[in-house]
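J.: Got a structure here, written out as structure tokens. Questions coming.
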Amino acid sequence: MAGTWARVVVWLIVASLAVVACVRDATPPGPMQTAGGPELSLTGPVWKWTGSLFNDDTRWTPTDPNVYHIEFTPQGAVAIRADCNRVAGTYAKDGHRLTIALGPSTMAACPPGSLDGEYLRQLGMVSSYLFHEGKLVLEFKFDSGTMTFVPSAPAGLAATTWKVVSYNNGNEGVVSVATGTEMTLSFDAGGRVAGLAGCNNYTGSFESGTGTLRVGALASTRKLCASPPSVMEQERKFLAALQNAATFKIEGNLLWIRDSGGAIEVIASR
């Protein structure tokens, strides 16, 4: 009888170990990290596409990685730039597994040679991810290839000059600069912002940190311009939008300035 109970106890121990092993193996592993490097995360950086390699040795390399990037938000959304187009979408991850669902997109005709369509096609093929030597590697389904991304280097505003493309008109709308007018932004290393507001020159102070921006009181010249008829109203609304600044982000050749609620106040280009 003692021998029978001993065999039962041994069998129970072996069975318990097997169950533990199965549970452990069923847990999705987390993304691989390069030993000794800083811990990376999908969310936070804006990831620039540097190239793709398929298992048949087909390679895709963008001429300018600054116009092909993706940003993952903690809320499960993605913001994608595909050359001249912008795409919204969502993502889902479970351990190292990752899927990206593309959503609404602008429909601009990008220049000849653009990889916008191919870039978006590849993002739709992603099934997992890992980090290697500070880079984000997105792996395709069936181990058919990979896309490689690097984080955009943090960029400051000091010693930069921009041409305003769009501004918030104060009516919850972002509108383009009126034809025949020009507005500019220049941030110097001493904390001064200045530029042309369409008719008058303006100047003031600014403070910026990692992604934060505060613009102080602005002074301007006092000219009255009659052409085009909307130039003075545009100037007033642009300067008001600029003073609503709370955050900024530089994506390639574009500067995005938003208020504390995340609304776009100014978009400018280099």
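J.: Please work out the Kirkwood hydrodynamic radius for segment 160-269, using every pair of different C-alpha atoms, and report it in angstroms with one decimal place.
T.: Hydrodynamic radius (Kirkwood, Cα only) of segment 160-269 equals 13.8 Å.
J.: I would also like to ask the following. What lysines sit close enough to residue 249 to cross-link, taking a C-alpha to C-alpha distance under 18 Å and skipping anything fewer than 8 places away on the same chain?
T.: Result set, ordered by chain and number: 48, 163.
J.: Around residue 174, with a cut-off of 14 angstrom between Cβ atoms, what is the net charge of the other residues, counting Lys and Arg +1 and Asp and Glu -1?
T.: Every neighbour counted, the sum reads 0.
Laboratory data are not the source of any read-out in this text; all were calculated from the coordinates shown. All figures in this text were calculated on a predicted structure; none of them were measured in a lab. Backbone-built Cβ (ideal geometry, glycine too); neighbour counts: all protein chains shown.
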